[in-house]
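What follows is a single structure, written as structure tokens, with notes after it.
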Amino acid sequence: MSSSSLRKPLGDLEMAVLSVLWNSTTPLSVREVLTLVKRQPALAYTTVQTVLDRLHEKNFALRDERGKAFLYRP
């Protein structure tokens, strides 16, 4: 069995964050993604950061280091 067949499907929050990345014409910071994801109650910065890290680990998002921050793109 390949590792890709063992991959869990993306959750609702991961899909919401990925959708923000897909709809952007430029790479986004965690703070920018946070402002564009519409959730009630509002998400914490660290939650969005964790989701972006997981999407990067799963190869759904690429990231480029800019100074002390990362910019993410699908």
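The values are calculated or read from the model by the stated rules, or taken from the named source; none is laboratory data. In this text, all values refer to a predicted model and were calculated from it rather than measured experimentally. Here the Cβ positions follow ideal geometry from the backbone for every residue, glycine too, while neighbour counts run over all protein chains shown. Ligands, DNA and RNA are stripped out before the accessible areas are found, and what is left, the full protein with its side chains, is counted by its heavy atoms. Shrake-Rupley method; radii C 1.70, N 1.55, O 1.52, S 1.80 Å.
Summed over the residues of the chain and divided among them, the accessible surface reaches 71 Å² per residue at a probe radius of 1.4 Å.
If you average the sequence gap of Cα pairs under 8 Å that are 6 or more apart and divide by the length of the chain, what percent do you get for the contact order?
Working: 69 pairs, mean separation 25.5, N = 74.
Dividing the mean separation by the residue count of the chain yields 34 percent.
Once the convex hull of all Cα atoms in the chain is built, its volume per residue stands at 90 Å³.
Cβ-Cβ distance of Gln40 and Lys8, R₀ of 25 Å, FRET efficiency by 1/(1 + (r/R0)^6): the value works out to about 0.50.
Taking 0.36 nm per residue of separation and subtracting the current Cα-Cα distance, fully stretching the chain between Thr50 and Arg63 would add 3.4 nm. Accessible area of Arg63 (1.4 Å probe, protein heavy atoms only, ligands and nucleic acids ignored): about 80 Å². Straight-line cross-link reach from Lys68 at under 23 Å between alpha-carbon atoms covers these lysines, not counting any fewer than eight positions away in the same chain: Lys58.
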